[in-house]
Amino acid sequence: MTGRVDTPLTFREIFNLPVSVDLRTAARAFGMCLGTAYRLVARDAFPCPTVRVGCRHRVLTVDLLQALGIEERPVFADEVADGVALTLFD
């Protein structure tokens, strides 16, 4: 733990996360520092379940999104323009 404060994740960064993330990334999503995240994990009070992999903690992105109250992925206008997402009118 370095005491370094990371900037919170943006909505777009959250929606582009892989299937699971490290504890630092999950902490950023909640706007907390890594030290606070480790303290909460130790007390079994982190906002979503964590999975211990060796000496590290991982968080499933689906659990992270649910804890953040995000139920569906929004479609951004530039994704529609780039053909990445379909519109309702297609």
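All of the numbers you see were taken from the coordinates with simple rules; none came from a lab. Please read these numbers as outputs of a predicted model, since none were measured by experiment. Cβ coordinates were reconstructed from backbone atoms using ideal geometry, including for glycine residues, and neighbour counts include every protein chain displayed.
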Problem - Search result, residues across region 30-56 that are touching a helix residue (DSSP H, G or I) at 6+ places or on another chain (Cβ under 6 Å) and either part of a helix (DSSP H, G or I) or β-branched (Val, Ile, Thr) (or both) - result: 34, 37, 50
Completion exercise
Result of the Cβ filter at 6 Å on region 36-61, keeping first residues that are farther than 21 Å from residue 16 by Cβ and partners that are acidic (Asp, Glu) and assigned to a helix (DSSP H, G or I), at least 6 apart or interchain, is 49/63
